[in-house]
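Q: Shown below is the structure under consideration.
The values are calculated or read from the model by the stated rules, or taken from the named source; none is laboratory data. On a predicted model such as this, the values are computed, not experimentally measured, just so you know. Backbone-built Cβ (ideal geometry, glycine too); neighbour counts: all protein chains shown. Surface areas here come from the heavy atoms of the whole protein model, side chains and all, with no ligands, DNA or RNA. Shrake-Rupley method; radii C 1.70, N 1.55, O 1.52, S 1.80 Å.
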Amino acid sequence: ESTLGAAAAQSGRYFGTAIAAGRLGDSAYTTIAGREFTMVTPENEMKIDATEPQQGQFNFSGGDQVYNWAVQHGMRVRGHTLAWHNQQPGWMQSLSGSALRQAMINHINGVMAHYKGKLAYWDVVNEAFADDGSGGRRDSNLQRTGNDWIEVAFRTARAADPNVKLCYNDYNIENWNAAKTQGVYNMVRDFKSRGVPIDCVGLQSHFNSGDPYNSNFRTTLQNFAALGVDVAITELDVQGASPTTYANVTNDCLAVSRCVGITVWGVRDSDSWRSGDTPLLFDGNGNKKPAYTAVLNAL
Ligand code: XIL
């Protein structure tokens, strides 16, 4: 096959990218993105600060731009993200307790009503676990509303749109032996055992070159999938774009039947949130890098 999307489709998977509304006027960008990918995640446009800049006043202009571009190019969309400690509008940052809990519920209902029936996945909750090696929750204003905030978010989301797949998304949960991975795994197992609605786990997969690539990534994908959820690689980028790392990640997804697809976090290195790491599949001039060929050959 000659594109990432077509190659991934051979096994029933998608190959996606983050798309930024502000770049849709750049024809070099849209030419590559329109050709190669079959799934789109809005990089910032569906986050809380973008969609509810003032409490109770929703703004879907950026989100709709990305959504419409994706649909016009035959692509599906992963919504990102409804409840997160980061990129909260100022009004939400200053809330706490039951007022914040209700604001979270209202936010989920307001955004999901607008996109009801349109999206393939929603990252309902993003990055709720701590990096401190405890395997516990991250401290945040949302966490301080009570430990049940995540399940309330998922139950609210299911009721708001019963047809979209609901995901928990996080970083540094790729290594099976990490306490953070175990913490997320235990939450998903608990949710499945109690009937809390969750359909998928997104592993962001922001890799550094200095970190040894985790040879147990496939084990992590398999273990989450065995709980009865889909898994996806949702924000892949690799410092230095090692072709070997990219091929390994691709092969790990292909080895797990419930790994539904791979999304890279941007098109060209110059589009990346970590552009200094040149972590993507296309260079700043839009040329295919060795990592591109490694992924295409692995698919
Ligand atoms: C990043 C975007 O790429 C940047 O443009 C923005 O300034 C900050 O957020 N984890 C996530 C993504 O879930 O939403 C983040 O995206 C990268 C880390």
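Q: Rounded to whole Hz and in sequence order, give me ³J(HN,Hα) for the stretch 16-21 from the Karplus expression 6.51 cos²θ - 1.76 cosθ + 1.60, θ = phi - 60°, writing x for Gly and Pro.
A: Result, ordered by residue: x, 9, 6, 10, 9, 4 Hz.
Q: Additional query: Taking a 1.4 Å probe, which of 122, 69, 176, 273 shows the most accessible area, and what order do the others take after it?
A: Working: 122 0, 69 25, 176 50, 273 155 Å².
The ranking, largest first, comes out as 273, 176, 69, 122.
Q: Here's another thing I want to ask about it. What nm value, rounded to one decimal, do you get for the distance between residue 35 and residue 287 when each label is placed 7 Å out toward the C-beta?
A: Result for the modelled spin labels: 1.5 nm.
Q: Net charge near residue 39, counting Lys/Arg +1 and Asp/Glu -1 over other residues with Cβ under 10 Å of its Cβ?
A: Working: positive: 13, 76, 78; negative: none.
Within the 10 Å Cβ shell, the charges total +3.
Q: Once the dipole of the stretch 195-299 is set up with Lys and Arg at +1 and Asp and Glu at -1 on Cβ about the Cα centre, which of 298, 272, 287 lies farthest towards its positive end?
A: In the stretch 195-299, that residue is 298.
Q: Under a crude label model (7 Å from the Cα following the beta-carbon direction), how far is residue 91 from residue 147 in nanometres?
A: Reported label-point gap for residue 91 and residue 147 is 3.2 nm.
Q: Calculate, in nm to one decimal, what residue 113 and residue 11 gain on full extension: separation in residues at 0.36 nm each, minus their alpha carbon distance.
A: Details: separation 102, 0.36 × 102 = 36.72 nm, distance 3.22 nm.
My answer for the length gained is 33.5 nm.
Q: Now, a different point. Quick one: divide the alpha-carbon radius of gyration of the chain by 2.2 N^0.38 Å and tell me what you get. Show your work: numbers first, answer last.
A: Details: Rg = 18.2 Å, N = 299, 2.2 N^0.38 = 19.2 Å.
Working it through for the chain, the quotient is 0.95.
Q: For the stretch 159-216, rounded, prolate or oblate, judged on the Cα gyration tensor with a ≥ b ≥ c (square roots of eigenvalues), a/c < 1.5 rounded, else prolate if a/b > b/c? Walk me through the intermediate numbers first.
A: On the way: a/c = 3.93, a/b = 1.88, b/c = 2.09.
Oblate shape, in that a/c is at least 1.5 and b/c is the bigger or equal ratio.
Q: Based on the mean of other Cβ atoms within 10 Å per residue, sort peptides 70-79, 263-272, 134-143 so the most packed one is first.
A: 263-272, 70-79, 134-143
Q: Okay, moving on. Can you tell me the relative contact order of the chain? Whole percent, Cα pairs under 8 Å, sequence separation 6 or more. The partial results should precede the final answer.
A: Values: 606 pairs, mean separation 49.9, N = 299.
Relative contact order for the chain comes out at 17 percent.
Q: Take the Cα of residue 98, step 7 Å along the line toward its Cβ, and report every residue of the stretch 150-167 whose backbone nitrogen sits under 17 Å from that point.
A: Zone members listed by number: none at all.
Q: When the solvent-accessible surface of protein heavy atoms is calculated with a 1.4 angstrom probe, in what order do 190, 131 fall, highest first?
A: Greatest to least solvent exposure: 131, 190.
Q: Also, quick follow-up: Excluding residue 186 itself, what net charge comes from residues whose Cβ is under 12 Å from its Cβ, given Lys and Arg +1 and Asp and Glu -1? All intermediate terms of the calculation are to be shown ahead of the outcome.
A: Values: positive: 137, 180, 189, 192; negative: 190.
Charge balance in the 12 Å sphere: +3.
Q: By accessible area of protein heavy atoms, probe 1.4 Å, what ranking do 132, 237 get, highest first?
A: On the way: 132 110, 237 0 Å².
If we order 132, 237 from most to least accessible, we get 132, 237.
Q: Provide the percentage of antiparallel DSSP beta bridges, counting only those with both residues in the stretch 153-299; round to the nearest 5.
A: On the way: 1 of 15 bridges.
DSSP beta bridges in the stretch 153-299 are roughly 5 percent antiparallel.
Q: May I pose another question? Using amide H atoms built 1.01 Å from N in the peptide plane, name the residues 5+ places from residue 47, or on other chains, whose amide H lies under 5 Å from its own.
A: 81
Q: Using just the helices of the chain, give the 222 nm mean residue ellipticity in deg cm²/dmol: DSSP H runs with n ≥ 4 each add -39,500 (n - 2.57), and the total is spread over all residues, rounded to 500.
A: Numbers: 11 runs with 113 residues, N = 299.
Taken over the chain, the calculation gives -11000 deg cm²/dmol.
Q: Once ligands and nucleic acids are excluded and a 1.4 Å probe is used, how much of residue 145 is accessible, expressed in Å² to the nearest 10?
A: Accessible area, nearest 10 Å²: 30 Å².
Q: Pairs of Cα atoms under 8 Å, at least six residues apart: use those to get the relative contact order of the stretch 71-185, whole percent. Can you show the working numbers first?
A: Working: 169 pairs, mean separation 37.6, N = 115.
This gives 33 percent for the stretch 71-185.
Q: Distance in nm between label sites at residue 24 and residue 72, each 7 Å beyond Cα in the beta-carbon direction?
A: Each label point is offset 7 Å from its Cα along the Cβ direction, giving 0.7 nm.
Q: Also, quick follow-up: Residue 106 to residue 163: FRET efficiency via 1/(1 + (r/R0)^6), r the Cβ-Cβ distance, R0 25 Å, to the nearest 0.05? Don't jump to the answer; show the numbers that get you there.
A: Numbers: r = 21 Å, r/R0 = 0.84.
Between residue 106 and residue 163 the formula returns 0.75.
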